Amino acid sequence: MNTQDLLTKLFDEGNCLTYDWYFSARRKAEKMCEQFMLENPHSFCFVQNNKVPMPLLKHTDFQYFSNGVLVIYMWPQRADEVIKKARKILALHGFVIKDIYAPQSKEEWQDYFKLLIDINDKTKELPVSDEDLVLRTFSSPAEFADYCFNGGNVLLTASKDKFFEPKYRQILALFNNGLYIVDEEYKHSDSFHGDIETNFFENRLCGEPMMHPIYVPQMYLQALYQRAKQYNWYVSPEDAAKKLPQVKISELETIKKYAEDILQNRTCISILTPRINYRDIFLDPILTSPDYNRYVLFDDGKLVLSQKYYNDEVRQKHLLEDLSRSFPQIKFAAELVPDYCIDFLYQEIYKRQKSARDVYLEMMRQKAVLISEIFGVPVVLAKDAAAQFVGWKDWMDMENVTTTHARHLIAMQQDLDKRVEKNGYKNDVIYNATAYFNLLKAQNIPYENAQAVYHQLKENLIKAK
């Protein structure tokens, strides 16, 4: 199959209406919003692209073109499910599927997977003119709620016909037409902090098509859930919580005994996310994240898997393949257990071993000491600088980190360490020296060793060249 010819045909005969145009026009859109907010500090806005009415998140498994062509990459056994999902979301926006390009056999899956990647790469090259961009403005949370519920849209994350944990109402809102609203505190950015909860929601928990997120202040998000109470499909957080699985006393006793037996003479090696080393980078931590993939791995190869996710042998096979790339020397012995058992095992493990949270806080303490030594900053101020650099408000805010989030942040630090090593820098503080200078200056934190730091930075730049 010649995917290049098909790629050319697709873009010659139609325009892609579902790609993430924001990738190419991020700075332009940000400037438009910054200017508006400067002139209207009590209002809210976001930017739309007239040529791309449905910018879907990168996790999508299809793309749609203006001539009615739908391209998917799932093999035949799952194609019907994806097409049904696509048809539903497109119809809500007034679009009809006229033709479908999809693999006709499992062998063709790789070709169509490559085609979707090629489409994504091609769209990154498409120009976005100022005339394409439209500023949507709102003077109040109520006006924004009018926009979101227009046309009878259903708020899925507050609907009795769907099940999403109530905790997500503090973070995000997802509508049946793909409209995806996220608290601005959880904005995906160059900072390490803030995106793990939305990342898990988008990849694991949702299963619904969603458009590129609109980031809003918390009061705008909560206005949506307040408005949702007016509809008969609404379910309260309390009633939604009742749908969460409850562990019986008899089951708890059984799992306690199981934990005692399995933890004897074993060390857990999935306290931190196992990483797959590929050439001079680590692959995406979500591939082997024990939180996302719901497993516990021990040093002797004992692998405890959630029944909820691994009754599917194909899914189990994929995880084993990824873990084998992290631990090629280990032979795995997999065992299925109820999903709640995974959380219980980790709780018991943390009584015996350091948790990811413990490891992360210690890692950040060491970084604060390094900042103190390099810049000549008092340690107490260096701690705040270390926390602020990765997106926290200050050190105290960082100490609220959860174990799940800490695992993610450690993986981000590992990725940074790889880049630092690749570029020949002594440590990541010198590697990001300019950013630290700006941070210290913005926070009015005094530093004494500016000349020495600039000298080290200059030496590293020469080596890098």
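The values are calculated or read from the model by the stated rules, or taken from the named source; none is laboratory data. Note that this is a predicted model, so its numbers are computed, not measured. Every residue, glycine among them, receives a Cβ derived from its backbone with ideal geometry; neighbour counts consider all protein chains shown. Accessible surface is based on the protein model in full, side chains and every heavy atom, while ligands, DNA and RNA are left aside. Shrake-Rupley method; radii C 1.70, N 1.55, O 1.52, S 1.80 Å.
Can you confirm whether residue 246 is polar (S, T, N, Q) and surrounded by 13 or more Cβ atoms within 10 Å (Cβ to Cβ)? Walk me through it before giving the result.
Details: polar (S, T, N, Q): yes; surrounded by 13 or more Cβ atoms within 10 Å (Cβ to Cβ): no.
Taking the combined requirement at face value, the residue does not satisfy it.
If you go through the range 4-31, how many residues are part of a helix (DSSP H, G or I), open to solvent by less than 20 Å² (accessible area, probe 1.4 Å) and under 25 Å from residue 96 (Cβ atoms)? If you could, list the steps in order and put the result at the bottom.
From the range 4-31, those part of a helix (DSSP H, G or I) are 4-13, 22-31; that's our starting set.
Adding the requirement that they be open to solvent by less than 20 Å² (accessible area, probe 1.4 Å) leaves 7, 10, 25, 29.
Add one more test, that the residue is under 25 Å from residue 96 (Cβ atoms), and what stays is 7, 10.
Adding up the residues that qualify gives 2.
Of the residues that sit in the range 170-221 and are modelled with pLDDT under 80 and polar (S, T, N, Q), which one is farthest from residue 157 (Cα to Cα)?
By that ranking, first place goes to 191.
Take residue 258 and tell me if it is surrounded by 14 or more Cβ atoms within 10 Å (Cβ to Cβ), under 25 Å from residue 343 (Cβ atoms), in contact (Cβ under 8 Å) with a residue 60 or more places away in the chain and of a type in the set (Ser, Thr, Tyr). Walk me through it before giving the result.
Numbers: surrounded by 14 or more Cβ atoms within 10 Å (Cβ to Cβ): yes; under 25 Å from residue 343 (Cβ atoms): yes; in contact (Cβ under 8 Å) with a residue 60 or more places away in the chain: yes; of a type in the set (Ser, Thr, Tyr): yes.
Against the criterion (surrounded by 14 or more Cβ atoms within 10 Å (Cβ to Cβ), under 25 Å from residue 343 (Cβ atoms), in contact (Cβ under 8 Å) with a residue 60 or more places away in the chain and of a type in the set (Ser, Thr, Tyr)), residue 258 qualifies.
Can you confirm whether residue 279 is within 23 Å of residue 413 (Cα to Cα) and touching a strand residue (DSSP E or B) at 6+ places or on another chain (Cβ under 7 Å)?
On the way: within 23 Å of residue 413 (Cα to Cα): yes; touching a strand residue (DSSP E or B) at 6+ places or on another chain (Cβ under 7 Å): no.
Answer is no for this residue.
So which helices (runs of 4 or more DSSP H) stay within the range 348-465 end to end and still have 1 or more residues that are at pLDDT 90 or above and either of a type outside the set (D, E, K, R) or more than 22 Å from the chain's Cα centre (by Cα) (or both)? Can you show your working first?
On the way: elements: 356-375, 379-389, 395-398, 403-422, 428-431, 433-442, 450-464.
Because the criterion is at least 1 residues that are at pLDDT 90 or above and either of a type outside the set (D, E, K, R) or more than 22 Å from the chain's Cα centre (by Cα) (or both), the helices (runs of 4 or more DSSP H) in the range 348-465 that meet it are 356-375, 379-389, 395-398, 403-422, 428-431.
List every residue pair whose Cβ atoms sit under 7 Å apart, with the two residues 6 or more apart in sequence or on different chains, where the first one lies in the range 363-384 and is closer than 22 Å to residue 414 by Cβ and open to solvent by 50 Å² or more (accessible area, probe 1.4 Å) and the second, anywhere, is in a helix (DSSP H, G or I) and among the small types (Gly, Ala, Ser).
If the second residue must be in a helix (DSSP H, G or I) and among the small types (Gly, Ala, Ser), the pairs left are 383/368.
Which ones in the range 61-78 are at pLDDT 90 or above and polar (S, T, N, Q)?
63, 66, 67
Residues of the range 271-301 being out of contact with any Ser or Thr (no Cβ under 7 Å at 6 or more places or on another chain) and buried (at least 17 other Cβ atoms within 10 Å of the Cβ), which ones? Let's see the steps before the verdict.
Of all residues in the range 271-301, those out of contact with any Ser or Thr (no Cβ under 7 Å at 6 or more places or on another chain) come to 272, 277-284, 286-287, 292-293, 300-301.
Within the range 271-301, 272, 282, 286, 287, 292, 293 meet the criteria.
Just wondering, is there one or more residues in the range 354-364 that are among the β-branched types (Val, Ile, Thr) and within 30 Å of residue 265 (Cα to Cα)? Full working, then the answer.
Of all residues in the range 354-364, those among the β-branched types (Val, Ile, Thr) come to 359.
Within this subset, residues satisfying the condition of being within 30 Å of residue 265 (Cα to Cα) are 359.
There is at least one residue in the range 354-364 that is among the β-branched types (Val, Ile, Thr) and within 30 Å of residue 265 (Cα to Cα).
Do any strands (runs of 3 or more DSSP E) lying entirely in the range 60-157 carry at least 1 residues that are over 21 Å from residue 208 (Cβ atoms) and open to solvent by 40 Å² or more (accessible area, probe 1.4 Å), and which ones are they?
Numbers: elements: 62-64, 69-72, 99-101, 133-138.
By residue number, 99-101, 133-138.
Write out, first by first residue and then by second, each pair whose Cβ atoms fall under 7 Å of each other, whose residues are 6+ apart or on separate chains, and whose first residue, in the range 238-250, is closer than 14 Å to residue 339 by Cβ while the second is open to solvent by less than 80 Å² (accessible area, probe 1.4 Å) and modelled with pLDDT of 90 or more.
Pairs that qualify, where the first residue is closer than 14 Å to residue 339 by Cβ and the partner is open to solvent by less than 80 Å² (accessible area, probe 1.4 Å) and modelled with pLDDT of 90 or more, are 245/340; 247/340.
Please determine, by comparing only the residues of the range 43-59 that are surrounded by fewer than 13 Cβ atoms within 10 Å (Cβ to Cβ) and at pLDDT below 90, which one is farthest from residue 314 (Cα to Cα). Steps first, please.
If we filter the range 43-59 for residues that are surrounded by fewer than 13 Cβ atoms within 10 Å (Cβ to Cβ), which is where we start, we get 50, 58-59.
The next check asks that each one be at pLDDT below 90; those that pass are 58-59.
Numbers: 58: 23, 59: 20 Å.
Step by step, filter the range 43-59, then rank; the result is 58.
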